[in-house]
Amino acid sequence: MPKVTDEYLSDKKNFILECTSEILHEKPLYLVTMRDIIKKAGFSHGVIYRYYSNLDEIFVDLVNKNIAHNLLGQKIDILLNSKQPEKTILSDCIIAMGEYIEKLLNSAGGKTCFELVVYYAYDLEKKASLFPRLKFKQSLEYAQNRIVEYAMSNVDKGVFRPQIPVRSIILFVSVFIDGISQMWYATRQGAINYDSASATDIPEMFQTLAKAVICFLGA
């Protein structure tokens, strides 16, 4: 039996991902089954499981393939190493996160990305297993950790003088980011009737967030 090359395996996986992407244009992620993908790909039941053991693996690979994940970390590192005033750096970092999230949500995999996050949000076991494998989540977590470290360092130096507990500020930012994503998706799906121009102006919302955080930090 001839040896199966890495290129062959990669081609087969990419074909499966392309078939899955086509299906996701026809129905929401939570309705997609392995049978749908098998039918679309024209594989037998046994063949597809040579490449993916379950739907979760397919969804994770699809999101990772379609979303740029390393740009945010690079941007944050550059900003944090700049010579700008501390509050300008912090503000620019928060705005950079907004720009990244906007690009992410409007990318080819943005809809799938958000559907996957929502679908597994309350399944703690799958969330713990799958989310660390999502590269965009890794990128966002890296950025958030670096920003928190920078803010805390400047609190210790006395540059920032928090008006409320820092933990409350971090929680506020986290809830804000989740809310922006949910509002964006709900607006796009017609589930809510916010004005589409204002509801999807993510950079403007993150500029407001940056101003709020700077104010909370007493900078």
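If one takes the longest principal axis of the Cα atoms in the chain, at what angle in degrees, from 0 to 90 and to the nearest 10, does the Cα axis of helix 86-105 lie? Relative to the chain, helix 86-105 is tipped by roughly 20 degrees. Labels on offer are (i) 183; (ii) 110; (iii) 147, and the one holding volume of the Cα convex hull per residue in Å³ computed from this structure is (iii).
In terms of surrounding Cβ atoms within a 10 Å radius of their Cβ, Val118, Val63 rank from fewest to most as Val118, Val63.
For the stretch 79-171, run through the trypsin sites (Lys or Arg not before Pro) and keep only the ones in DSSP coil with at most 12 other Cβ atoms within 10 Å of their Cβ. Here the sparse-neighbourhood loop sites are Lys83, Lys157.
Rounded to the nearest 10 degrees, the angle from helix 55-66 to the longest Cα principal axis of the chain is 60 degrees. Please identify every one of the chymotrypsin sites (Phe, Trp or Tyr not before Pro) in the stretch 21-50 that sits in a loop by DSSP and has no more than 16 other beta carbons within 10 Å of its own beta carbon. Those that pass, being in a loop and sparsely packed, are Tyr49. To the nearest 10 degrees, how steep is helix 166-188 against the longest Cα principal axis of the chain, on a 0 to 90 scale? On a 0 to 90 degree scale, this one is about 50.
Relative contact order, whole percent, for the stretch 67-216 stands at 37, derived from Cα pairs under 8 Å and 6 or more residues apart. From its DSSP helices (H runs of at least four residues, each -39,500 (n - 2.57)), the chain gives a residue-normalised ellipticity at 222 nm of -22000 deg cm²/dmol. By the count of other C-beta atoms within 10 Å, a proxy for reagent exposure, Met97, Met152 are ordered fewest to most as Met152, Met97. Mean sequence separation of contacting Cα pairs (under 8 Å, at least six apart), scaled by the length of the stretch 6-53, corresponds to a relative contact order of 40 percent. Applied to the stretch 156-163, the Karplus parametrisation 6.51 cos²θ - 1.76 cosθ + 1.60 on θ = phi - 60° returns per-residue 3J(HN,Hα) values of 4, 7, x, 5, 9, 10, x, 8 Hz, with x for Gly and Pro.
Every number in this text was worked out from the coordinates using simple rules, so none of it is lab data. Worth saying up front: this structure is predicted, and the values here are computed from it rather than measured. Here the Cβ is made from the backbone with ideal geometry for all residues, glycine too, and neighbour counts use every protein chain on show.
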